[in-house]
Every structure is written in C-alpha cells, then in structure tokens.
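Working notes for the structure below.
The values are calculated or read from the model by the stated rules, or taken from the named source; none is laboratory data. Because the structure is predicted, anything quoted here is derived from the model rather than measured. Cβ atoms come from the backbone with ideal geometry, glycine included; neighbour counts cover every protein chain shown.
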C-alpha cells in the first residue's frame, strides 16, 4: 500500500512538473500565471481521462491513473469556481485549458466544459487517492455522467 501511495505521489509530481515545463513562451506573462497553470492542469486532466475512457470504454474508478486525473481535475475546478467572475483569471484559465488539452478543448467548447464540470461534486477524491476514503455511489454516478457528456462535447 505504501508503494502505491509513493508511486501515486511520484506520478502527481510528474504531472506538476510536466505542466510547469509545458508553458509556451509565445503566450507571454499569462503562461506563468496561476490561472494559466490551473487551466493547463484542467485541460491535461480532461485529456488524460478521455484517453483512459477511450482505452477502457468507461471511467474506471478503480484505476489509480483515473483517480489521479480526477484529483487533479477537482483541484483545477475548485480554483476556477473561486475565480469564475474574474475576467482576467478566466481568460488565462481558458488559454491554459486549451493548451493543456492539446487543443482538444477549443474556444468553441471550453465554456460548456467548464460549466458542466463546475456543477459536479467530486466528493472526497483526494482522500480516495491516498487510500483513506471512498467515493459514494452518487458521486461516482454524477462524475461519470458529466465526464461522459464532456467527452461527447469534445466530439472525438
């Protein structure tokens, strides 16, 4: 169990480093802002979850990679929820989300995706990742249904 938690910590650290190193200098100051970084995490989480979904044909809540992506997504969503009315923050978040998703999220669908996901309760996903909690069946159903809808918006 400790090995799993250590592996999860390493993977999370890898995502953080990857997100930090994946900034584009052409985006200027916005690419180093907390909003942009959070958006990039949001986009890469969506892309990671979508890849797992395509591979498995479902959102597998027993898969550690899925749980890590959900935890990362949950953190990004909490950040945008707190700043949803801050126009500058929102714009930088959107730029990061588009780049983080490798342009699978676009200007045309980003608003719908953000609106869908900010309405979801991710429950205690952080505790689940560390092995000290469980997701309720209603949380699993809500997250699964919303993500399936988001994947439909991606149109892939």
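Within the stretch 82-101, at least one residue is in contact with a helix residue (DSSP H, G or I) (Cβ under 7 Å, 6 or more places away or on another chain), in a loop (DSSP other than H, G, I, E, B) and buried (at least 18 other Cβ atoms within 10 Å of the Cβ). Can you confirm whether the stretch 64-79 contains a residue that is modelled with pLDDT under 95 and either touching a strand residue (DSSP E or B) at 6+ places or on another chain (Cβ under 7 Å) or not in a helix (DSSP H, G or I) (or both)? No, there is no match, as no residue in the stretch 64-79 is modelled with pLDDT under 95 and either touching a strand residue (DSSP E or B) at 6+ places or on another chain (Cβ under 7 Å) or not in a helix (DSSP H, G or I) (or both). Looking only at the stretch 108-126, which residues are part of a loop (DSSP other than H, G, I, E, B) and either under 17 Å from residue 71 (Cα atoms) or under 13 Å from the mean Cα position of the chain (by Cα) (or both)? Within the stretch 108-126, 119, 120, 121, 122, 123, 124 qualify.
Here residue 45 passes the criteria (1) buried (at least 16 other Cβ atoms within 10 Å of the Cβ); (2) at pLDDT below 90; (3) under 22 Å from residue 109 (Cα atoms) except the one numbered (2).
When the test is whether a residue is under 16 Å from the mean Cα position of the chain (by Cα), in a helix (DSSP H, G or I), over 17 Å from residue 35 (Cα atoms) and in contact (Cβ under 8 Å) with a residue 12 or more places away in the chain, residue 148 passes it. Condition (residue is within 29 Å of residue 32 (Cβ to Cβ) and assigned to a helix (DSSP H, G or I)) applied to the stretch 131-142: is it met by at least one residue? No, the stretch 131-142 contains no residue that is within 29 Å of residue 32 (Cβ to Cβ) and assigned to a helix (DSSP H, G or I). Of the residues examined, residue 105 is not one that is in contact (Cβ under 8 Å) with a residue 24 or more places away in the chain, crowded, with 18+ Cβ neighbours inside 10 Å, assigned to a helix (DSSP H, G or I) and touching a helix residue (DSSP H, G or I) at 6+ places or on another chain (Cβ under 9 Å).
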